[in-house]
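**Q** First the structure, which I've put down as C-alpha cells, then a few questions once you've had a look.
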Amino acid sequence: MPGWLKDAIFYEIYPQSFKDTNGDGIGDFNGIIEKLDYVKELGCNALWINPCYDSPFKDAGYDVRDYKKVAERYGSNEDLYNLFKIAHEKGIHVLLDLVPGHTSEEHEWFLESKKAERNEFSDRYIWTNGWIEGIAGHPYIGGEADRNGCYMLNFFKCQPALNYGFLKRTEEWQKAPDDPACIATREAMKDVMRFWLDKGCDGFRVDMADSLVKDDDENKSATGAIWKNIREMLDNEYPEAAIISEWSNPKQALKYGFHADFYLDHRGNGYNTLLRDYETDGGDKSFLKKDGHGDIMRFLNDYLPKYDATRKDGYISFITCNHDTPRPRRTLSIDELKIAYAMFLTLPGVPFIYYGDEIGMRYFELPTKEGGYTRTGTRTPMQWSEGKNKGFSTAPSDKLYLPVDPSDDAPTVESQEKDPSSLLNTVKALTKLRHEYKDLQADSEFEIIYAEADEFPFVYKRGDLIVAINPSDKKTSATLPKNTTKVFEIGETEIKDASLHMQPQSFVVLK
Ligand code: NOJ
C-alpha cells in the first residue's frame with residue numbers, strides 16, 4: 001500500500017476545462033502547471049487527470065488512439081513529464097487515467113486487427129468468425145472491416161473491446177483468459193503502465209476496471225486475476241504507485257489488488273442517498289438536503305458492510321462528483337454543500353474533489369460535446385476570476401471548449417478567496433483539518449455513535465475525535481462524553497454539560 005494515500009486528498013481535473021494558457025479555448029498541461037499552487041492551497045496533494053492521450057475525442061478521450069502519446073491540444077509529452085516533476089516538487093502526486101478495456105477504433109492495434117490477413121494484432125480485440133455471426137448478449141459491429149468477422153464493443157461504437165478472453169465459453173472464437181492472445185493484451189497494458197510510471201506518473205485511475213474478461217462469474221474472478229497479476233507487477237517494480245478503480249464494489253476491487261475503489265453515484269446506493277436522491281417519486285430525499293427528509297440509515301446500511309469487509313484491504317473513495325455525474329450544486333445550496341464536503345472529508349478512505357465543486361460550480365443542461373450527453377453540463381470551464389471567460393481562457397467566448405457559467409452570480413475562485421465564509425475557504429479549512437489530525441485520515445478508526453432513521457444529528461468517532469453532523473433545518477442535540485472540546489465547526493454548535501446543541505445546518509468536530 002503506497003503510504004502517501006493515507007493522507008491523500010485528490011483533485012480531479014478534466015483537462016479540457018481547467019485552464020487554457022495558449023488561447024485556443026481549451027485547457028492544457030501548462031494551465032494545470034500554472035494552477036498547481038492553487039491545488040496545493042486548496043489542500044489537495046494528489047491529482048487525477050482524465051485521459052489526456054491522443055484521441056479522436058468521440059468520448060472525451062476515453063477513446064484512446066495512442067496510449068503513449070498525449071493529445072496535441074494539451075501540449076507535448078515533455079509538458080506532461082514536466083507537470084509530473086513540478087507537481088512532485090510541490091508534494092503533489094499525479095494519477096493518469098488508464099483505459100484498459102477498449103481503445104479508439106482508430107488505434108493502430110485495431111487498424112491492424114481489422115485486416116483480412118492474420119497479424120500480431122488479429123486477436124487483440126474480440127472477433128467472431130464470420131461477417132454474419134453476431135455476439136449474443138453483447139454490443140457488436142459488422143460490415144466495417146475487410147476481415148470476415150464482427151467485433152465486440154465495450155462502450156460507444158467508437159470503442160472496440162480489447163480481448164482479455166471469456167470465462168464462460170460457448171463459441172469457438174471465444175478465447176480463454178489464459179490464452180496467449182489474452183495474456184498479450186494484459187502485458188500490453190502493463191507496458192503502457194510502465195511507460196508512464198517511468199516518466200514520473202504516480203499511478204492510475206482505472207476505467208471500467210471490472211469488465212475486462214467477458215461473461216465472467218458473479219465474483220468477477222477472471223477479471224480479478226488480471227488485476228492481481230498487475231498489482232504484483234506494481235508491488236515488485238513500482239511499490240509507491242497507486243491504482244484506484246472504477247468498479248464501485250470494494251469487496252471485489254480491493255480483494256483483487258486495487259488500493260482504493262470509488263463509491264459511485266448509482267441509483268439507490270448509499271452514496272446516492274446522500275446527495276442525489278432526487279429522481280425517485282416524492283421529491284428530493286437526499287440526507288444532505290436541509291429539509292430533513294433524508295435518512296442516514298439508507299447510507300449506512302449500504303456503506304457499513306462494505307467498509308467493515310474491506311477496511312483491512314484498502315480504501316473506499318468518496319467523491320464530491322466526477323465527470324460523469326451531475327454536479328452536487330445542481331440541487332444543493334452552498335450551505336448544504338459545506339456540510340456535505342465536511343462529511344466526505346471526515347469519513348475514512350481517500351476523498352476526491354471534482355474541479356470547481358470547491359466553489360460550487362453549477363450543472364448546466366447543454367448540447368452534447370465529445371460524447372458527453374447529459375454529462376456535458378458537469379464539464380464546463382473552471383471559473384477562476386471575474387475577468388473574461390471567468391479567467392479560463394483568452395479565446396473569444398464562442399471559441400471555448402464549452403461555455404462558461406453566464407450567470408451574474410457565477411461563483412469564482414477570485415471572489416471566494418476574499419470571503420472568509422465562502423465555500424472555498426470552508427473546503428480549505430476542512431482539508432487543513434484532515435491533514436492536521438491523523439484521526440481523520442484514510443485508515444483511522446471509524447465508529448458510529450448515533451445514527452437513527454429520520455433523526456439528527458449523525459454522530460461518529462474517528463480515532464479520538466467525534467464528528468457530529470446536522471444537515472437539517474431544525475435544531476438538534478446529542479449526549480456527549482464528559483470533557484469534550486470543540487476542534488472545528490461550521491454553523492453554530494454549543495457544548496453544555498454533557499450535551500451538544502446544534503443549530504440548523506451545523507457540523508462540529510470534538511475532542
Ligand atoms: C467511464 C468513464 O468515466 C466515462 O467517462 C467513459 O465514457 C466510459 N467509462 C467509457 O470509457
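**Q** Do you know which residues across segment 146-163 are buried (at least 19 other Cβ atoms within 10 Å of the Cβ) and within 15 Å of the ligand (Cβ to nearest atom)?
**A** Selection gives Met152, Leu153, Asn154, Phe155, Cys158, Gln159, Pro160, Ala161, Leu162.
**Q** Still on this model: Would you check if there is a residue in segment 355-364 being outside any strand (DSSP E or B), touching a Cys at 6+ places or on another chain (Cβ under 6 Å) and in the same structural domain as Tyr62 (by TED's automatic domain parsing)?
**A** Scanning segment 355-364, I find at least one residue that is outside any strand (DSSP E or B), touching a Cys at 6+ places or on another chain (Cβ under 6 Å) and in the same structural domain as Tyr62 (by TED's automatic domain parsing), so the answer is yes.
**Q** OK, next. Among the residues of segment 180-199, which ones are out of contact with any Lys or Arg (no Cβ under 8 Å at 6 or more places or on another chain), of a type in the set (A, V, I, L, M) and open to solvent by 10 Å² or more (accessible area, probe 1.4 Å)?
**A** Passing the criteria: Ile183, Leu197.
**Q** Additional query: Could you check, for segment 383-390, whether at least one of its residues is open to solvent by less than 10 Å² (accessible area, probe 1.4 Å) and either without any contact (Cβ under 8 Å) to a residue 60 or more places away in the chain or more than 14 Å from the ligand (Cβ to nearest atom) (or both)? Break it down stepwise before answering.
**A** Start the filter on segment 383-390 by keeping residues that are open to solvent by less than 10 Å² (accessible area, probe 1.4 Å), which leaves 383.
Next cut, either without any contact (Cβ under 8 Å) to a residue 60 or more places away in the chain or more than 14 Å from the ligand (Cβ to nearest atom) (or both) only: 383.
Checking segment 383-390: at least one residue is open to solvent by less than 10 Å² (accessible area, probe 1.4 Å) and either without any contact (Cβ under 8 Å) to a residue 60 or more places away in the chain or more than 14 Å from the ligand (Cβ to nearest atom) (or both).
**Q** Please determine, by comparing only the residues of segment 471-509 that are of a type in the set (Val, Ile, Thr) and open to solvent by 10 Å² or more (accessible area, probe 1.4 Å), which one is nearest to Ile339 (Cα to Cα).
**A** Result: Ile490.
**Q** For segment 298-311, indicate whether the set of residues that are assigned to a loop (DSSP other than H, G, I, E, B) and either closer than 18 Å to Phe456 by Cβ or in contact (Cβ under 8 Å) with a residue 60 or more places away in the chain (or both) is non-empty.
**A** yes
**Q** Determine if segment 91-101 includes at least one residue that is open to solvent by 10 Å² or more (accessible area, probe 1.4 Å), without any contact (Cβ under 8 Å) to a residue 24 or more places away in the chain and closer than 18 Å to Ile32 by Cβ.
**A** No, every residue in segment 91-101 fails to be open to solvent by 10 Å² or more (accessible area, probe 1.4 Å), without any contact (Cβ under 8 Å) to a residue 24 or more places away in the chain and closer than 18 Å to Ile32 by Cβ.
**Q** Condition (residue is more than 27 Å from Phe84 (Cβ to Cβ) and in contact with a helix residue (DSSP H, G or I) (Cβ under 8 Å, 6 or more places away or on another chain)) applied to segment 224-238: is it met by at least one residue?
**A** Yes, because at least one residue in segment 224-238 is more than 27 Å from Phe84 (Cβ to Cβ) and in contact with a helix residue (DSSP H, G or I) (Cβ under 8 Å, 6 or more places away or on another chain).
**Q** Would you check if Phe262 is within 16 Å of the ligand (Cβ to nearest atom) and aromatic (Phe, Trp, Tyr)?
**A** Taking the combined requirement at face value, the residue satisfies it.
**Q** Can you confirm whether Ala468 is in contact with a Leu (Cβ under 8 Å, 6 or more places away or on another chain), small (Gly, Ala, Ser) and either under 21 Å from Lys338 (Cα atoms) or surrounded by fewer than 14 Cβ atoms within 10 Å (Cβ to Cβ) (or both)?
**A** yes
**Q** Now for a different question. Among the residues of segment 200-229 satisfying the criterion of being crowded, with 22+ Cβ neighbours inside 10 Å, among the aliphatic types (A, V, I, L, M) and away from the ligand (no atom under 16 Å from the Cβ), which is farthest from Tyr62 (Cα to Cα)?
**A** Ala222
**Q** To continue, here is another question. Taking Pro250 as meeting all but one of (1) over 23 Å from Trp48 (Cα atoms); (2) open to solvent by less than 20 Å² (accessible area, probe 1.4 Å), write down the number of the exception.
**A** Condition not satisfied by Pro250: (1).
**Q** Continuing with this model, one more query. Is it true that Lys338 is out of contact with any His (no Cβ under 7 Å at 6 or more places or on another chain) and either closer than 21 Å to Ser415 by Cβ or not in a helix (DSSP H, G or I) (or both)? Walk me through how you get there before you give the answer.
**A** On the way: out of contact with any His (no Cβ under 7 Å at 6 or more places or on another chain): yes; either closer than 21 Å to Ser415 by Cβ or not in a helix (DSSP H, G or I) (or both): yes.
Considered against the rule, which asks whether it is out of contact with any His (no Cβ under 7 Å at 6 or more places or on another chain) and either closer than 21 Å to Ser415 by Cβ or not in a helix (DSSP H, G or I) (or both), Lys338 comes out as yes.
**Q** When you scan segment 352-374, do you find a residue that is open to solvent by 20 Å² or more (accessible area, probe 1.4 Å) and in contact with a Phe, Trp or Tyr (Cβ under 6 Å, 6 or more places away or on another chain), even just one?
**A** Within segment 352-374, one or more residues are open to solvent by 20 Å² or more (accessible area, probe 1.4 Å) and in contact with a Phe, Trp or Tyr (Cβ under 6 Å, 6 or more places away or on another chain).
**Q** Another question about this same structure. In segment 294-349, what residues are open to solvent by less than 30 Å² (accessible area, probe 1.4 Å), over 22 Å from Met382 (Cβ atoms), among the small types (Gly, Ala, Ser) and modelled with pLDDT of 95 or more?
**A** Gly314, Ala342, Gly349
**Q** Oh, and also: Only one of these conditions is not met by Asp443: (1) more than 21 Å from Met382 (Cα to Cα); (2) open to solvent by less than 60 Å² (accessible area, probe 1.4 Å). Which number is it?
**A** Only one criterion is unmet by Asp443, namely (2).
**Q** Another question about this same structure. Among the residues of segment 456-470, which ones are touching a strand residue (DSSP E or B) at 6+ places or on another chain (Cβ under 8 Å) and not in a strand (DSSP E or B)? First the steps, then the outcome.
**A** So in segment 456-470, the residues touching a strand residue (DSSP E or B) at 6+ places or on another chain (Cβ under 8 Å) come out as 456-462, 465-470.
Phe456, Pro457, listed by residue number.
**Q** Further question on the same structure: Restricted to segment 164-173, and to residues that are on the phi < 0 side of the Ramachandran plot and touching a residue at least 12 places away in the same chain (Cβ under 8 Å), which residue is farthest from the ligand (Cβ to nearest atom)?
**A** Per the criteria, the residue is Glu172.
**Q** May I pose another question? Contact list please: Cβ distance under 9 Å, first residue in segment 1-12 and over 13 Å from Leu47 (Cα atoms), second residue surrounded by fewer than 24 Cβ atoms within 10 Å (Cβ to Cβ) and modelled with pLDDT under 95, pairs at least six apart or on different chains.
**A** From segment 1-12, no pairs qualify.
**Q** I've got another one for you. Considering only segment 230-244, state which residues are surrounded by fewer than 22 Cβ atoms within 10 Å (Cβ to Cβ) and touching a Pro at 6+ places or on another chain (Cβ under 6 Å).
**A** Glu240
The values are calculated or read from the model by the stated rules, or taken from the named source; none is laboratory data. Computed from a predicted structure; not experimentally measured. Methodologically, a virtual Cβ is constructed for each residue, glycine included, from the backbone with ideal geometry; neighbour enumeration extends over all protein chains shown. The area values use the complete protein model at the heavy-atom level, side chains included, leaving out ligands, DNA and RNA. Shrake-Rupley method; radii C 1.70, N 1.55, O 1.52, S 1.80 Å.
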